[in-house]
1. If you average the C-alpha positions of the range B:62-128 and of the range B:212-286 separately, how far apart do those two centres end up, in angstrom?
2. Going by C-beta contacts inside 10 Å, put B:129, A:66 in order with the fewest on the left.
3. Work out how much length residue A:73 to residue A:22 would gain on full extension: take 0.36 nm times their residue separation and subtract the Cα-Cα distance, in nm to one decimal.
4. Using a label point 7 angstrom from Cα along Cα-to-C-beta, what distances in nm, from shortest up, separate residue A:152 from the other copies?
5. Once a ≥ b ≥ c are taken as the square roots of the eigenvalues of the Cα gyration tensor of the range A:34-103, is the result rounded (a/c under 1.5), prolate (a/b larger than b/c) or oblate (a/b not larger than b/c)?
6. Once both labels are modelled 7 Å past Cα along the beta-carbon direction, what's the residue B:156-residue A:211 spacing in nm?
7. Got a sec? How would A:158, B:265 order by Cβ neighbour count within 10 Å, fewest to most?
8. Efficiency by 1/(1 + (r/R0)^6): what FRET value for residue B:130 and residue B:80, r their Cβ-Cβ distance, R0 = 30 Å, to the nearest 0.05?
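What follows draws every value from the coordinates through simple rules; no lab data is involved. Note that the coordinates shown come from a computational prediction; the quantities given were computed from them, not determined experimentally. Backbone-built Cβ (ideal geometry, glycine too); neighbour counts: all protein chains shown.
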C-alpha cells in the first residue's frame, strides 16, 4: 500500500510511524511545503520517500494533516490528482467548511472526513511519536458520502493503529469540539497570558508554580499556526463557548464579591461531577486495552 | 521525635508517610475531627496512634493540614497547648490572615508558617501518597519570627523529605499564589461547568474529549471544602486575578469578532513563552534530583 502523508508534522509523522509498525508492505511518501521538515521526516524514518503533488496519482491512501485553512485549498487539489481507487482522509479540527468545500467535487466519494482526538502541545516532525492514536477517537463525518470500499480501507487502517471510530455530522462536530477542545485552548492561553503579564519577574512563577498550574496552562504551548485557522473557521461556535465561559467566570466573581461563599462551594461541588466524566474516559481506555489483550 | 499531624488527609497523610520513611525513630500521632478518616489513617499505617488536642504537650513537631479557615481557629489553640520546645508548622494555601492571627500569641516563636506547593486533585487519607513533597517548593513566611532552633528542626525535616525552601512575606505570597494556583482552579472549575452545562448528553463529552480537555479541567475535581475558604481568605487578590483573566478573555473574543486573526496569532505566539517557564520548572526538578545523587 502506497500512503502519502501531506504535512509531516506531529500528526502526519505519528500516523506514518504507526502505519509502518502495524501494516506490512506499506510504503510512505511525504509531501510538505517546508523542505527542512520533509528532510527531517526522511532522516527520522517517518517517511520512505520525499514526493510532490504530481506523484499522488499512484497513492492508495492520502493522509492530509496540515492547518485547516491550508486544507481548504489543498483538499480539492488532491482529489483532482488521485486515482479513482484512492481514499483521501484528513485530521482537521474543524469539519463543516472542509466538507462544504468538496461537496460538489467529482471525486467526493474518494474523501473520508476525519478528526482524530489526539495530539500533544508540540509540533513538527521531531514531535512525532509511536502510539499517538492508540485508544483515541477518530470522529468521521458524512461517512455515507464516501465510497464503501474506500471507507473500509481507511477504517481498517484506523483500527489497526488502535483508534475507535465515532460518526457525526460536520455541524455537530464543530459545535461539540468547540466546547471540549477549542475552548480549553483559549482558557489555557489566556491563563498563561494573565500570569506572564503579572509576574514580570519570572523567578516568582518558577518557584511558586506547581503541577496544577502546569496542567491548566499546558495547552498554551500549542502552535499558533495550527490554532489560529481553527478559531477562524469555527468562529461562531468558539465565540459562543467563550461567552458562556466568561459569563460563568463573572458569576463566580460576583458570588465572591457578595461574600456568598456557600454558593461558591455549591458551584464547585456541582462541577466535581466532571470526575465521573473523566473517569469514564479513562475507563473506556482501560476497556479498550483489555479488548486488545494487553 | 513525636510528630502530631492535625488533619490526616492528602497533605497530612502524605507528610506522615514520608516522615516515616526518611526519619528514624519517628512516632506519628494523628488528630482529626473526622473519626472515620482518623481510623482509616491508622489502618493505612499513616499514623501510629490516634490522639486528641490534650496530647499535644508531648509533641516535638506539629503539622497542621486542614482547610485554612479552620486553621485560623485551631492554630492559636495548638500554640496554647504545645511545650516551649515544639515547632508548629502548617500547609495552608493563604498566609496573611494566619500570620496576623497569631502575631501577638505568646508562643509565636514556636510557629513556622509554610505552604508546600504540592498536592493532587484528590483528598482524604486514602489519597495520601509517598513522595508527594519530593522536589517541591515549601514557601516559608516570616521565618525571622520563629525561634532559630525550631526553624532548624522543621527545615531539616522538610529537606529530608526532598523539599526546597523559599522565603517570602505573607502578603507577597498571597498575591503571587493567587496567580499561579488559585486562578488556575477557578479557570478549571468554570471550564468544567461550561462544558457540563452545554453537553447534557454526556456521551458526547465522553467521546470527543481528549487529553487536552482532561488536563485543563483536572483541577475541577478538587475539594470544595478546601478551596472555598482559600478563595474567601484570599478574596481581594483572587478577584484581581479574575478581573485580569476575564479582561484577557474578552480581548481575545473581541479580536475574533473583528476577524483580527493576525493579532489572535500574535497573542498565542507571545504566550508560547510559557514553554520556557514550564521547562524551567522541570529543569529545576532534574537538577534537584542530580543533587540528591539519584
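1. That distance is 29 Å.
2. B:129, A:66
3. Working: separation 51, 0.36 × 51 = 18.36 nm, distance 3.12 nm.
This chain segment gains 15.2 nm when fully extended.
4. Nearest to farthest, the other copies are at 8.1 nm.
5. Working: a/c = 2.25, a/b = 1.39, b/c = 1.62.
It comes out oblate by the Cα gyration axes.
6. With each label placed 7 Å out from Cα toward Cβ, I get 2.9 nm.
7. Numbers: A:158 21, B:265 18.
Fewest-to-most Cβ neighbours within 10 Å comes out as B:265, A:158.
8. Working: r = 33 Å, r/R0 = 1.11.
Calculated value: 0.35.
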